[in-house]
Amino acid sequence: MTGLLIRDCVIDGAPSSSVYVEDGTIVNVSKGGELVAPVGCEVIEANGGTLFPGFTDSHCHPFEYGRLKRSLDLRGTSNVTGVRLRLQARVQRAKPGEWIFGRGWNQEDFPDRKTPDHADIDDVAPSNPVVLLRACGHIALLNGRAIEELRFGSRTGEEFERDGAGNLTGIVKEGAATEALAAVPRSPEGCSSDLQAVEAEAARLGLTTLHCILSSEGYREELAALAAMDSSHVLSLRYRVYVPLEALDFSQSSRLEGERVRINGVKLFTDGSLGARTAALREPYSDEPRTSGILRHTDEELSEMVEKVDARGLQVIIHAIGDRAVEQAIAALSRVTGAKNPRRHRIEHAGLLPKDLRSKVVRYGIRTTVQPMFVTSDTWAIDRLGEERVRDYYPLRSMLADGIPTSGGSDSPVESLSPILGMWAAMTRGGMVPEESVSLPQALTLYTSGAASNGFDEASLSEGAPANLTVLDSDVSGMHPALLRKVGVLSTVVEGVAVHSYGAG
């Protein structure tokens, strides 16, 4: 393997620095000084840009994002008519009876903020079953044909929304939405194609590692795609994989264990999303007092799941957004963490985290993964939570001040994969509870050292460290958040190889 030299970069505030890499490892670091390039060495001219340990997205769904790219993308629709028009265009290309999958609608973007129902789309797709996932991924809109195919007509429970006359509206939530998604066909070949498309974008955005969360309905195909791509040495990035509980035995027999792909743990759910009003709250929703959200499991059930995964030596990551869900997750994890939490069990999102729950997180050494872009996107959070509770919605500054090990993620395709946008959101919060904004160095740790540690990796620019690096095209020291959004990625280096670069020489 030939060496790689990155020169004229900023490292830890020192300009005109250089780094030399060989065989996937940092060999030499010169802060404020130039290194001589060996003969035949690849050279990246940073031209004063900043060098960081490679960015990590510690919570994303790359297969789902890739799938969205070739499915019905409903992001940006501003009313039901927009949903209908995009669906109609898709139906015209589909065969009769073919399942149609789409994602991205959000009733909060509609003028009347009314959730659509099957009557809004039935006439557009009379011969095709349709599953349209909301942006959050926790509720889905089904048309009449899909309801028939899935035999949901007689199903009861809070996951199946019904109107005043007792008829299904076509809106299904949480487990029922997952069941509907499972009916949409997928294949390992399609998953491989999806992942390749996402890899190119992720590398362009400076990401070297993805904490890849697999789906309950498609984990077999997704694991098969990862295994095939890993054995063929075609993966550009590194993957820390998290599987659903039902995949525990299957995944441990898949033998995905290497530097490029590694199964880290199991993802569990406690609740849903704030946007869908399925996040479990300790008090009712401010804008819908008849509900406090949905807990997916009893306390005993969740504890049993956690103990089962922990006994296998794997990391547990628990989706919990509402404070009631976070409280339940803490109780379950505390039974296996001890005080030091050696398996680095995490709570994903930890959206509503008041001081009493932060204290418990610290007490049990529990880690968290946050999505800063949610704060800027969830402009309606104050409606759901009210003025008092919203002050504890993603309290990033308080979490870091309390010493909670925290990392940043996108939850893509819910939000953009861009870690730079994630940092910008952590610093600005869209003006929501500005006292919980963080500094640029703090925002950077969310996607570098914090994210690496939460996935059992290392983020370092020291000699002997793995050469996973991100080079930005500007010196970002002291940069205003508004300018940070405009910064580009000059190069992304994974295990010593530039997988994205426009500065190679």
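Every number in this text was worked out from the coordinates using simple rules, so none of it is lab data. Please read these numbers as outputs of a predicted model, since none were measured by experiment. Counting neighbours? That spans all protein chains shown, and the Cβs are built from the backbone with ideal geometry, glycine included.
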Amide H contacts of I44 (H built 1.01 Å from N, under 5 Å, at least 5 apart or other chain):
L5, I6, R7, G505
The orientation-averaged projected area of the Cα convex hull of the chain, in nm², is 23.1
Computed FRET value (nearest 0.05) for V43 with L483, which takes r as the C-beta separation and R₀ as 35 Å
0.80
Relative to the longest principal axis of the C-alpha atoms of the chain, give the angle of the C-alpha long axis of helix 323-337, reported between 0 and 90° and rounded to the nearest 10°.
60
Report the full-extension gain for the segment S78 to K355: residue separation times 0.36 nm, less the Cα-Cα distance, to one decimal in nm.
96.0 nm
What fraction of the Cα pairs in the range 63-182, stated in percent, has a spacing above 25 angstrom?
14
Using only Cα atoms, locate the centre of the range 420-449 and the centre of the range 66-119, then give the distance between them in Å, rounded to an integer.
32
So the FRET efficiency between A119 and A339, C-beta based with R0 = 56 Å and rounded to 0.05, is 0.55
Beta bridge orientation in the chain: antiparallel %, DSSP, nearest 5
45
Can you list residues from other chains, or at least 5 along the same chain, whose modelled amide H is less than 5 Å from the amide H of S16?
C9
Ordered by residue, what ³J(HN,Hα) values in Hz, to whole numbers, does the range 362-373 give under the Karplus form 6.51 cos²θ - 1.76 cosθ + 1.60, where θ = phi - 60° and Gly and Pro are x?
5, 4, 9, x, 6, 9, 9, 10, 10, 10, x, 5
Here, the range 430-505 modelled as identical Cα point scatterers in vacuum has Debye log10 I(q)/I(0) at q = 0.15 Å⁻¹ of -0.67
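Working out 0.36 nm times the residue gap between S154 and F456, then minus their Cα-Cα distance, what length gain in nm do you get to one decimal?
104.1 nm
So what's Rg/Rh here for the range 1-153, counting alpha carbon atoms and using the Kirkwood radius for Rh?
Numbers: Rg = 25.5 Å, Rh = 19.5 Å.
We get a ratio of 1.31 for the range 1-153.
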Global size of the range 77-130 as Cα Rg and Dmax, reported in angstrom
11.3, 33
State which entries of K308/K360; K267/K308; K340/K360 exceed 18 angstrom in Cα-Cα distance in the structure shown.
K308/K360
Cα extents of the range 122-274 along the three principal axes, largest first (Å):
56, 31, 28
Which FRET efficiency value, to the nearest 0.05, do you get for R70 and D12 by plugging their Cβ-Cβ distance into 1/(1 + (r/R0)^6) with R0 = 60 Å?
0.90
Once amide hydrogens are built 1.01 Å from N within the peptide plane, the residues lying 5 or more places from H59 or on another chain with amide H under 5 Å from its amide H are H211, S410, D411
For the range 281-330, place one equal point scatterer on every Cα, skip the solvent, and apply the Debye formula. What is log10 of I(q)/I(0) at q = 0.14, 0.26, 0.30 Å⁻¹?
-0.42, -0.99, -1.16
What nm value, rounded to one decimal, do you get for the distance between D287 and R220 when each label is placed 7 Å out toward the C-beta?
4.0
Estimated D of the range 310-405 in µm² per second, where Rh is the Kirkwood radius over Cα pairs and Stokes-Einstein applies at 20 °C, 1.002 mPa s
158
Loop-located trypsin sites (Lys or Arg not before Pro) in the range 73-176 whose Cβ has at most 16 other Cβ within 10 Å (DSSP)
R75, R93, R113, K114, R151, R155
So what's the angle, to the nearest 10 degrees on a 0 to 90 scale, between helix 80-91 and the longest Cα principal axis of the chain?
80
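Can you give me the orientation-averaged projected area of the convex hull built on the Cα atoms of the range 344-492, in nm²? Before the final figure, lay out the partial values.
Working: hull surface 37.6 nm².
Result: 9.4 nm².
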Quick calc: nm separation of the 7 Å Cα→Cβ label points for E387 and V362 -> 2.8
Counting other C-beta atoms within 10 Å, and keeping those with at most 15, which DSSP coil GluC sites (Glu not before Pro) do you find in the range 182-275?
E259
Note, the range 297-304: 3J(HN,Hα) by Karplus (6.51, -1.76, 1.60, θ = phi - 60°), whole Hz, Gly/Pro = x, goes 9, 6, 4, 5, 4, 5, 4, 4
Full-stretch length increase - S232, A183 - with 0.36 nm per residue and alpha-carbon distance subtracted
14.7 nm
